[in-house]
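Please read the structure below before turning to the comments.
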Amino acid sequence: MSSFKDLKKNRMSNLESLSKQVEKLAEKPTYGDDRIWKCERDKSGNGYAVIRFLPASNDEDVPWVQMWSHGFKGPGGWYIENSLTTLGKDDPVSKANTALWNSGIDSDKDIARDRKRKLSYYSNILVLEDSANKENEGKVFLFRYGKKIFEKITGVMNPEFKDETPLNPFDFWEGANFKIKIRQVDGYVNYDKSEFADQSKLFDGDDEKCEAIWNQQHSLQDLVSADNFKSYQELEARFNTVVGSGSNFEESIESEDAVEPAVKESSNDDSLDYFKKLAEQ
C-alpha cells in the first residue's frame, strides 16, 4: 500500500507512467449518481467552473478510467447501456455493428454508425469554483468527460513545442487548475475554450490539506467493476426488444466519432442522462 509521502516523492515518475498510459490508449452505470459532478449551464447554454483533477487514489495506478456505452433509439424504445467492451468482453451491439459494417451495404453501415459506441472518461476532481452550486465548492466528486477534455489533459502532459514544460495535471504540487468554459455553438455544447491555468500548488502546498482531499477520493475501479454491467444475455434481450426486426434507427444519438471533436463529448453525455430517464419510464 502506497503512502501520501510516496505520492509526493514519486510525482515525476508518475507523470512518465501516465504518459505511457496515454500511449496505450492511442494504440488501441453511473446515471443519477450523486458522486458525479456536472457543470451546470445557464439559459443561454453557457457554463463556467474551476476544478482540480486529483491523482490516483490509494491502490490505483491511473487517475482515470474509460467507459464505453451505447445510446440510440429503435422501434422498441431507447437502448442506453454500458458496453461490455469496457471490460474487454464481447458485446451484442458491437457484434451486430461489426456484421452490418462488413456487409458492404451502405444502409447497413449507416445503421452501424447510429449505434456506434461512445467513450467517456471518469476522474476524481476537487471543485474549486461552482457559481451555480456554491455548496459543491471544496468537495471531491467524480467527473465524467469526453474526448475533447481528455485531449486537453494529454496536451499539457505531452506538449507539442520545445519551449513548453510537461505538466501532470493530476499532481497536488505541480499540477494546475482546470477552467471549464462551456458555450453553445451551432446548437451543440462546446468545450473548446476550456483550459488549464498556470501551474500551481493546491492549498499552497499544504500537505495536510492535500492528504485530507486524497483520502476523500472515490474508487475509479469500482465504476468499471463487472458487477456494474449487465450480462451479455440481458443486453442482448434488451437490444432485440429495441431494434425489432429489420428496423431503422431514427432519431438516434450521434455517435462520438460521427461529429466534430468540439461537440463529441458534451452533447452526448448530457443526452445520455436525459434519454436514460426516458428509457426507464
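The values are calculated or read from the model by the stated rules, or taken from the named source; none is laboratory data. All figures in this text were calculated on a predicted structure; none of them were measured in a lab. As a convention, Cβ positions derive from the backbone with ideal geometry for all residues, glycine included, and neighbour counts pool all protein chains shown.
Residues in segment 58-76 that are surrounded by 15 or more Cβ atoms within 10 Å (Cβ to Cβ) and over 29 Å from residue 214 (Cα atoms): 70, 71, 72, 73, 74. Only residues that are assigned to a helix (DSSP H, G or I), of a type outside the set (A, V, I, L, M) and out of contact with any helix residue (DSSP H, G or I) (no Cβ under 6 Å at 6 or more places or on another chain) were counted across segment 96-112, and they come to 5.
One residue alone among 109, 89 is closer than 17 Å to residue 71 by Cα, out of contact with any strand residue (DSSP E or B) (no Cβ under 6 Å at 6 or more places or on another chain) and surrounded by fewer than 16 Cβ atoms within 10 Å (Cβ to Cβ), and that residue is 109. If I ask for residues that are touching a helix residue (DSSP H, G or I) at 6+ places or on another chain (Cβ under 7 Å) and either part of a helix (DSSP H, G or I) or modelled with pLDDT of 95 or more (or both), which ones from segment 213-258 would you list? Matches in segment 213-258: 214, 224, 226, 229, 232, 235, 236, 239, 256, 258.
The set of residues from segment 186-205 being touching a Lys or Arg at 6+ places or on another chain (Cβ under 8 Å) and not basic (Lys, Arg) comprises 189, 190, 191, 192, 194, 195, 196, 197, 202, 203.
Consider only pairs whose beta carbons are under 8 Å apart and that are at least six residues apart or on different chains; among these, list those whose first residue lies in segment 71-95 and is in a loop (DSSP other than H, G, I, E, B) and whose second residue is hydroxyl-bearing (Ser, Thr, Tyr) and crowded, with 20+ Cβ neighbours inside 10 Å. Pairs that qualify, where the first residue is in a loop (DSSP other than H, G, I, E, B) and the partner is hydroxyl-bearing (Ser, Thr, Tyr) and crowded, with 20+ Cβ neighbours inside 10 Å, are 83/69; 91/83.
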